[in-house]
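For reference, the structure is listed below as structure tokens.
The values are calculated or read from the model by the stated rules, or taken from the named source; none is laboratory data. Everything numeric in this text was worked out from a predicted model, so none of it was measured. Neighbour counts are summed over all protein chains in view; Cβ atoms, including those assigned to glycine, are modelled from backbone coordinates with ideal geometry. Quick note on the areas: whole protein, heavy atoms, side chains included, nothing else; ligands and nucleic acids left out. Shrake-Rupley method; radii C 1.70, N 1.55, O 1.52, S 1.80 Å.
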Amino acid sequence: MSSDRWAKRSAAAGLVNLLLPLRCAGCGLAGFVLCAGCGGRFAELRRVRPPELSPAPPVHALARYGGRARRALLACKEGGRRDLEGPLAARVAVAVREILDEHAALVGTGPVRLVPAPSRAAAVRRRGRAHLVRLARRAERGLPGVRTADCLRLSPRVRDSVGLDSARRFENLRGGVLVRTNRLPPPGTPVLLFDDVLTTGATVLNCREALAGAGVPVVAVLVLANAAREP
Ligand SMILES: [Zn+2]
């Protein structure tokens with residue numbers, strides 16, 4: 001972008017900020033991107049397991065998908081709030097470190113790849129960015145030995161899963177996660193799969209199978225929020 005266009009865009013963004021003062025994406029509190037209370041919704045990493053998924057690899061969630069956490073996630077994902085990427089990526093970085101420490105025996109001491117779950121191409125175009133890839137790349141900055149591998153994509157035949165029940169979500173995604181072979185980590189490289197919302201486990205299952213087929217093992221899964229029932 002030319003500096004002139006950049007200046008115009010910055011000026012426009014500044015005007016928007018003046019018209020729409022900064023508000024917490026979770027609760028609307030003025031003066032915050034994400035206030036301490038809402039940020040705290042992403043502070044407790046815990047193990048979750050949808051009934052359709054086997055116990056391995058372990059799935060960890062930062063938040064329960066509801067209320068403030070849901071509003072903040074949707075603001076980042078669909079509402080264009082890129083200013084949330086910093087605070088959320090910081091939580092992801094802490095969580096990845098915790099997970100790698102917990103599963104040290106599985107991970108080993110070599111490099112680890114953080115693999116974002118793929119979004120539909122139409123959704124990426126609508127949002128103007130691949131939000132999970134951006135969050136992963138931002139999180140990796142604070143994680144020595146961890147690099148993002150954006151090596152999965154969705155087949156064009158996969159539909160938007162909003163509104164689909166569990167069986168239809170699995171059916172929609174079956175065989176629909178494909179690997180980008182030129183971006184795959186070397187075979188055997190331990191992978192941490194990263195997704196935003198865990199609903200049925202269909203995405204996790206199909207990503208894991210696609211990666212396993214390429215010789216890349218998923219050792220653990222991190223999701224920002226869990227929408228599946230918890231015991
Ligand atoms: Zn808040």
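From Gly86, Gly163, grab the single residue that is over 21 Å from Leu211 (Cβ atoms) and part of a loop (DSSP other than H, G, I, E, B). If you could, list the steps in order and put the result at the bottom.
Numbers: Gly86 fails: part of a loop (DSSP other than H, G, I, E, B).
Answer to the check: Gly163.
Please determine whether any residue of region 104-113 is touching a helix residue (DSSP H, G or I) at 6+ places or on another chain (Cβ under 9 Å), in a strand (DSSP E or B) and under 25 Å from Thr181 (Cβ atoms).
Yes, region 104-113 contains at least one residue that is touching a helix residue (DSSP H, G or I) at 6+ places or on another chain (Cβ under 9 Å), in a strand (DSSP E or B) and under 25 Å from Thr181 (Cβ atoms).
In region 40-56, what residues are open to solvent by less than 30 Å² (accessible area, probe 1.4 Å) and in a strand (DSSP E or B)?
Restricting attention to region 40-56, the residues satisfying the condition of being open to solvent by less than 30 Å² (accessible area, probe 1.4 Å) are 42, 48, 50, 53.
The answer is Val48, and nothing else.
Any residue in region 26-40 that is over 12 Å from Arg71 (Cα atoms) and without any contact (Cβ under 8 Å) to a residue 24 or more places away in the chain sitting within a Cβ distance under 8 Å of a residue that is within 8 Å of the ligand (Cβ to nearest atom) and assigned to a strand (DSSP E or B)? List the pairs, counting only those 6 or more apart or interchain.
No pair meets every condition.
From the set of residues in region 116-130 that are in contact (Cβ under 8 Å) with a residue 60 or more places away in the chain and touching a helix residue (DSSP H, G or I) at 6+ places or on another chain (Cβ under 7 Å), which is farthest from Pro144 (Cα to Cα)? Walk me through how you get there before you give the answer.
Initially, region 116-130 is screened for residues in contact (Cβ under 8 Å) with a residue 60 or more places away in the chain, giving 116-118.
Within this subset, residues satisfying the condition of being touching a helix residue (DSSP H, G or I) at 6+ places or on another chain (Cβ under 7 Å) are 116-117.
On the way: Pro116: 18, Ala117: 21 Å.
Of everything passing the filter in region 116-130, Ala117 is farthest from Pro144 (Cα to Cα).
Confirm whether Arg153 is part of a strand (DSSP E or B), open to solvent by 50 Å² or more (accessible area, probe 1.4 Å) and charged (D, E, K, R). Spell out how you get there, then give the answer.
On the way: part of a strand (DSSP E or B): yes; open to solvent by 50 Å² or more (accessible area, probe 1.4 Å): yes; charged (D, E, K, R): yes.
Answer is yes for this residue.
Can you confirm whether Gly213 is of a type in the set (Gly, Ala, Ser) and either touching an Asp or Glu at 6+ places or on another chain (Cβ under 7 Å) or under 21 Å from Ala225 (Cα atoms) (or both)? Walk me through it before giving the result.
Working: of a type in the set (Gly, Ala, Ser): yes; either touching an Asp or Glu at 6+ places or on another chain (Cβ under 7 Å) or under 21 Å from Ala225 (Cα atoms) (or both): no.
Judged against the criteria, Gly213 is not a match.
For the structure I just gave you, tell me whether Ala228 is among the hydrophobic types (A, V, I, L, M, F, W, C), part of a loop (DSSP other than H, G, I, E, B) and open to solvent by less than 60 Å² (accessible area, probe 1.4 Å).
Values: among the hydrophobic types (A, V, I, L, M, F, W, C): yes; part of a loop (DSSP other than H, G, I, E, B): yes; open to solvent by less than 60 Å² (accessible area, probe 1.4 Å): yes.
So Ala228 fits the description; yes.
Return a yes/no flag: does region 171-188 have any residue that is part of a loop (DSSP other than H, G, I, E, B) and under 19 Å from Leu73 (Cβ atoms). So that I can check it myself, show each step before the final result.
Looking only at region 171-188, we keep the residues that are part of a loop (DSSP other than H, G, I, E, B), and these are 174-176, 180, 184-188.
With the extra rule that they be under 19 Å from Leu73 (Cβ atoms), the set shrinks to none.
No: region 171-188 contains no residue that is part of a loop (DSSP other than H, G, I, E, B) and under 19 Å from Leu73 (Cβ atoms).
Are any of the residues in region 191-199 under 26 Å from Gly66 (Cβ atoms), of a type outside the set (Asp, Glu) and open to solvent by 10 Å² or more (accessible area, probe 1.4 Å)? Steps first, please.
Residues of region 191-199 under 26 Å from Gly66 (Cβ atoms): 192-199.
Then drop every residue that is not of a type outside the set (Asp, Glu), which leaves 192-194, 197-199.
Now drop any that are not open to solvent by 10 Å² or more (accessible area, probe 1.4 Å), which leaves 197, 199.
Scanning region 191-199, I find at least one residue that is under 26 Å from Gly66 (Cβ atoms), of a type outside the set (Asp, Glu) and open to solvent by 10 Å² or more (accessible area, probe 1.4 Å), so the answer is yes.
Could you tell me which of the residues Gly26, Gly37 is within 16 Å of the ligand (Cβ to nearest atom), open to solvent by less than 90 Å² (accessible area, probe 1.4 Å), modelled with pLDDT of 95 or more and farther than 22 Å from Arg138 by Cβ? Talk me through it step by step, then tell me what you get.
Values: Gly26 fails: farther than 22 Å from Arg138 by Cβ.
Within the list Gly26, Gly37, the selection yields Gly37.
Could you pull out the residue among Leu106, Leu164, Leu173, Leu114 that is at pLDDT 95 or above and among the hydrophobic types (A, V, I, L, M, F, W, C)?
Working: Leu106 fails: at pLDDT 95 or above; Leu164 fails: at pLDDT 95 or above; Leu173 fails: at pLDDT 95 or above.
Of the residues listed, the single one that is at pLDDT 95 or above and among the hydrophobic types (A, V, I, L, M, F, W, C) is Leu114.
Have a look at Arg141, Arg113, Arg125 and point out the one that is more than 17 Å from Ala225 (Cα to Cα) and in contact with a strand residue (DSSP E or B) (Cβ under 9 Å, 6 or more places away or on another chain).
Numbers: Arg141 fails: in contact with a strand residue (DSSP E or B) (Cβ under 9 Å, 6 or more places away or on another chain); Arg125 fails: in contact with a strand residue (DSSP E or B) (Cβ under 9 Å, 6 or more places away or on another chain).
Testing whether each residue is more than 17 Å from Ala225 (Cα to Cα) and in contact with a strand residue (DSSP E or B) (Cβ under 9 Å, 6 or more places away or on another chain) leaves just Arg113.
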